[in-house]
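Q: Provided herewith is a single structure, encoded as structure tokens, for subsequent inquiry.
The values are calculated or read from the model by the stated rules, or taken from the named source; none is laboratory data. Just so you know, these numbers come straight off a predicted model, no measurement behind them. Every residue, glycine among them, receives a Cβ derived from its backbone with ideal geometry; neighbour counts consider all protein chains shown.
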Amino acid sequence: MSFFLPLAHALVARKDLPVPAWLFAWGASLVLIVSFFALSAGWRKPRFEDEKWRPLDERFSRALLGYPVQVLCGLIGIFLLGFSIYAGLHGTEAPDRNFALTFIFVTAWLGFPFFSVIFGDIFRPFNPWRAVGRAVGGAFGLVAGQGSAHLRYPERLGRWPAAIGLLSVVWLEVIYGTSGGVAVGLSPHACAVAALVYSAYTLVMMGLFGVEKWCETGEIFSVYFGMFSQLGGFGVRDGRLGRRLPLAASTHWATVPGSAAVVIASIASTSFDGAQEGALKDAIIQTFEWLSETGLSLTASLRLADTIFMAICFVGVGLVYLIGVRGMSTVRGAPPVKELRRGFAHTLIPIAFAYLVAHYFSLFVFQEQAQFGYLLSDPLGTATTDLFGTANNGIDFKVLSANAIWYVQVGALVIGHVVGLTLAHDRAITYWGNYRQAARSQYWMLAVMVAFTCFGLYLLSVANA
Amino acid sequence: MNSNTTRVVAGIAVVAVAVVLFAVLRDDGKSDNEKVEEQTKTEHTGANGAPATTTIVVDKEGKPVGGIAQLTYNEGEQVRFKVESGVSDEVHMHGYDIGKDVKAGGSVTFDFPATLEGVFEAELEDRKEQILELTVNP
């Protein structure tokens, strides 16, 4: 008896073709060349430790950060979350026809990272839970005449709740939706229920530890999107909007414990999603068959097999990073391992972003046509509404040729690699004032980055094979 | 200064070697592609040169016999396949968005040009059962 694992994302009617061998070779060679150059042509003074933040025009800043805009953005966020939950509960069960899945897992889940790396933290004003939390906190203050008291957040936990949360979101998206041993994708109803549960959990946590504290450490979406926003060129300082040196803000991001786990979880979950239908497919099927033979139900077997391999991805990506850190600690004049582990975590953010672009860029371009086409006019998928006259619009798969997708995928990985190396080199110069020692330590990070980038290329070249 | 020059020279040497490697590997890639083309051409033409039609048989449980069928074409070629179904359902070719109803014991034929690149699935729409994976290479 054989089993089939069809499309895990029930959203997509189309999958990317694997990157051809010659492009794989081009990409990998380019990565090696770039790396050699990085070793030989490094700068000797850190350039990214200072954000070089410069305020934007004050009126502009005040208008954008003022209360009316904050309230408006908060309301938009709450409305979109509420509407997604409503559509999930009351709309069609066809995943691709329901507003909820595309909005949550494509428009928001991919859209915020894509735009945050340019503009900075744009999720913060739209965060529906933060908006509710602040409104409740403000109302409490008015009534009680004092601010609300919070428990002290255990600092040791740091961003671990968000790291585990991030894995859970991806688990829900790509693993949970199975039926009788076949991956069918998450149903809109399950997605809406999950959003309700998560909302309740988040509001309780915000009540316990404070809205901003929880957004910084535990609220999955704030931490995850916030991580990518560190690469962006705009930021708020002392209530004022300003421009900053792109990438520079990331150098201070990983000071909170568990930050490395967040970026590793991001790389690992994207890897798993990319590998489950290609590189890991056979291994997953074997484990699945073995588990189902032990008497487990088909659904449980498939979920468990997937979960095991997702965990392996997390541990594997983490190990590669930790080996790099260990290696660096052997270079004379190295700071303690703990410091190194934290100190280089941000250098993986560009890699995590490159993985996202490589794996989801085409999905985003195609599915957003649905989002702003038929899903906008017929959000419940019941074919009874046509709000904007676009209910019958389809997805034009011709907007991206296979070649264009391949070049974007390989280009993203190579650029992510270069940016990662840049940040790592910069950090090494900060730790080892001596250029020679810094360069020596970077052989290790170079190996880590080459491993991730080539692994990413490999995943693309065997996708759906 | 001196060691810097050495590094730059070394860097250029690496580039030169890599460019040669590219050329070699790229050529290989092309011949690979050609091989694939030949294969697909033979796959889709019958013994006397007439276009062959793949038949996908769906059993009475609504499952494809022999697993999900795999068809590979190059862009511009004509996609042809026939579905003989043991159940009543709609056969839906995703991406191309072509749906055809089939009755239990009946069959439907698909015949359309491969205009979209990528990997697409055809499924029994009501059962959400995938029966075909269609790959269209550029």
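Q: Looking only at region A:234-279, which residues are of a type in the set (Asp, Glu) and free of Cβ contacts under 8 Å to residues at least 60 places away in the same chain?
A: A:Asp238, the sole residue that qualifies.
Q: Now for a different question. Looking only at region A:319-339, decide whether some residue is touching a His at 6+ places or on another chain (Cβ under 8 Å), aliphatic (A, V, I, L, M) and over 21 Å from A:Val184 (Cβ atoms).
A: No - not one qualifying residue is present in region A:319-339.
Q: Please count how many residues of region A:30-67 are polar (S, T, N, Q) and either over 17 Å from A:Val419 (Cβ atoms) or surrounded by fewer than 15 Cβ atoms within 10 Å (Cβ to Cβ) (or both).
A: Qualifying residue count for the region: 2.
Q: Further question on the same structure: Quick test for you: out of A:Trp253, A:Trp214, A:Trp171, pick the one residue that is out of contact with any strand residue (DSSP E or B) (no Cβ under 9 Å at 6 or more places or on another chain) and under 24 Å from A:Ile312 (Cβ atoms).
A: A:Trp171
Q: Taking A:Thr107 as meeting all but one of (1) surrounded by fewer than 23 Cβ atoms within 10 Å (Cβ to Cβ); (2) of a type in the set (Ser, Thr, Tyr); (3) over 30 Å from A:Pro246 (Cα atoms), write down the number of the exception.
A: (3)
Q: Now for a different question. Listed residues A:Gly411, A:Gly433; which is at pLDDT below 90 and farther than 27 Å from A:Val223 by Cβ?
A: One residue alone meets the criteria, A:Gly433.
Q: Could you tell me whether any residue of region A:53-66 is of a type in the set (S, T, N, Q), more than 26 Å from the chain's Cα centre (by Cα) and over 30 Å from B:Ala122 (Cα atoms)?
A: yes
Every residue, every condition in (1) in contact with a Gly (Cβ under 7 Å, 6 or more places away or on another chain); (2) surrounded by fewer than 18 Cβ atoms within 10 Å (Cβ to Cβ); (3) among the acidic types (Asp, Glu), yes or no:
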site	(1), (2), (3)
A:Val337	no, yes, no
A:Phe361	no, no, no
A:Leu375	no, no, no
A:Asp378	no, no, yes
A:Ile395	no, no, no
A:Ala402	yes, no, no
A:His417	no, no, no
A:Ala428	no, no, no
A:Asn434	yes, yes, no
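Q: Residue by residue through region A:126-145, note down the ones that are surrounded by fewer than 19 Cβ atoms within 10 Å (Cβ to Cβ) and either part of a helix (DSSP H, G or I) or of a type in the set (Ser, Thr, Tyr) (or both).
A: Listed by number, the residues that qualify are A:Arg134, A:Ala135, A:Val136, A:Gly137, A:Gly138, A:Ala139, A:Phe140, A:Gly141, A:Leu142, A:Val143, A:Ala144.
Q: Mind listing whichever residues of region A:78-92 are surrounded by fewer than 21 Cβ atoms within 10 Å (Cβ to Cβ) and touching a helix residue (DSSP H, G or I) at 6+ places or on another chain (Cβ under 6 Å)?
A: Residues satisfying the conditions are A:Ile78, A:Ile85, A:Leu89.
One line per residue, one yes/no per condition, for (1) within 14 Å of chain A (Cβ to nearest Cβ); (2) in contact with a Phe, Trp or Tyr (Cβ under 7 Å, 6 or more places away or on another chain); (3) in a strand (DSSP E or B):
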{"position": "B:Lys82", "(1), (2), (3)": "no, no, yes"}
{"position": "B:Glu90", "(1), (2), (3)": "yes, no, yes"}
{"position": "B:Asp101", "(1), (2), (3)": "no, no, yes"}
{"position": "B:Gly105", "(1), (2), (3)": "no, no, no"}
{"position": "B:Asp111", "(1), (2), (3)": "no, no, yes"}
{"position": "B:Arg127", "(1), (2), (3)": "yes, no, no"}
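Q: Out of curiosity, is A:Gly295 free of Cβ contacts under 8 Å to residues at least 60 places away in the same chain and outside any helix (DSSP H, G or I)?
A: yes
Q: Ok, one more. With the requirement that a residue be within 13 Å of chain B (Cβ to nearest Cβ) and within 30 Å of A:Phe272 (Cα to Cα), what does region A:375-405 give you?
A: A:Gly394, A:Ile395, A:Asp396, A:Phe397, A:Lys398, A:Val399, A:Leu400, A:Ser401, A:Ala402, A:Asn403, A:Ala404, A:Ile405
Q: Please work out which one of (1) out of contact with any helix residue (DSSP H, G or I) (no Cβ under 6 Å at 6 or more places or on another chain); (2) outside any helix (DSSP H, G or I) is the condition A:Thr422 fails and give its number.
A: Against the list (1) out of contact with any helix residue (DSSP H, G or I) (no Cβ under 6 Å at 6 or more places or on another chain); (2) outside any helix (DSSP H, G or I), A:Thr422 comes up short only on (2).
Q: Inside region A:21-105, counting only helices (runs of 4 or more DSSP H) that do not spill past its ends, which hold 2 or more residues that are free of Cβ contacts under 8 Å to residues at least 60 places away in the same chain and either more than 14 Å from chain B (Cβ to nearest Cβ) or small (Gly, Ala, Ser) (or both)?
A: Filter on region A:21-105 gives A:21-40, A:58-65, A:67-90.
Q: Now a separate question. Go through the residues of region B:49-70 one by one and say whether even a single one is surrounded by 14 or more Cβ atoms within 10 Å (Cβ to Cβ), without any contact (Cβ under 8 Å) to a residue 60 or more places away in the chain and either touching a Leu at 6+ places or on another chain (Cβ under 6 Å) or under 30 Å from A:Ala404 (Cβ atoms) (or both).
A: Yes - at least one qualifying residue is present in region B:49-70.
Q: Right, something else. Scan (1) over 19 Å from the mean Cα position of the chain (by Cα); (2) of a type in the set (Ser, Thr, Tyr); (3) closer than 30 Å to A:Ser401 by Cβ for the single condition A:Ser362 breaks and write down its number.
A: Among (1) over 19 Å from the mean Cα position of the chain (by Cα); (2) of a type in the set (Ser, Thr, Tyr); (3) closer than 30 Å to A:Ser401 by Cβ, A:Ser362 violates only (1).
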